[in-house]
Amino acid sequence: MVDSKECFKCKTVKLLSEFYAHQYMADGHLNKCKECTKNNNSKHRKNNLEKYREYDKKRSTLDHRKKLHSEVNRLWRNADKRRVAAHNAVSRAIKKGDLVRLPCQKCSNPKSLAHHEDYDKKLDVVWLCQPCHKQRHKEINSMLLMKE
């Protein structure tokens with residue numbers, strides 16, 4: 001049994017686990033590796049952004065998606081009450097004018113989110129855009145894994 005194949009895009013030989021399953025292919029896996037597939041999908045979405053935004057907007061109104069969103073939201077709120085309290089405190093402070101939203105501190109993107117390094121310090125936030133915020137949480141998670 002073959003346990004590797006060559007990606008037709010990047011011409012790299014990789015393990016079958018690096019290819020998505022595909023029922024119509026002879027070996028049961030797509031001929032393009034996961035990395036190339038993700039890159040293609042990202043480029044296609046970027047080039048057709050308005051179409052995908054409209055699609056996502058319509059999809060979010062489906063009943064099963066609304067229920068899923070509610071469930072994810074409920075789980076997020078129940079996971080850490082301090083996080084919810086900090087989130088709400090920031091929201092109230094912005095509405096009152098006590099806290100001003102600033103551009104991302106890493107890349108200066110004007111669309112920023114409040115990031116808490118410590119949920120016990122509710123209004124002590126770092127302003128980060130969505131990609132930088134995700135990156136920061138990846139850094140935090142990797143540091144936590146190293147401590148274990």
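Readers should treat all values here as calculations from the given coordinates under stated rules, not as data from a laboratory. Because the structure is predicted, anything quoted here is derived from the model rather than measured. Virtual Cβ from ideal backbone geometry, glycine too; neighbours counted across all protein chains shown.
A few notes on this one:
- The three principal axes of the C-alpha atoms in segment 32-78 carry coordinate ranges of 38, 23, 16 Å, sorted with the longest axis first.
- Pairs of alpha carbons in the chain whose separation is greater than 28 Å (percent): 48 percent
- Sorted by Cβ density within 10 Å, fewest first, the residues V2, V13, V84: V2, V13, V84
- Helix-only CD estimate at 222 nm, as mean residue ellipticity for the chain, using -39500 (n - 2.57) per DSSP H run (n ≥ 4): -17000 deg cm²/dmol
- With eigenvalues of the C-alpha gyration tensor scaled by 5 and rooted, segment 60-147, Å: 23, 19, 16
- Straight-line cross-link reach from K106 at under 25 Å between alpha-carbon atoms covers these lysines, not counting any fewer than eight positions away in the same chain: K43, K46, K95, K121, K122, K134, K138.
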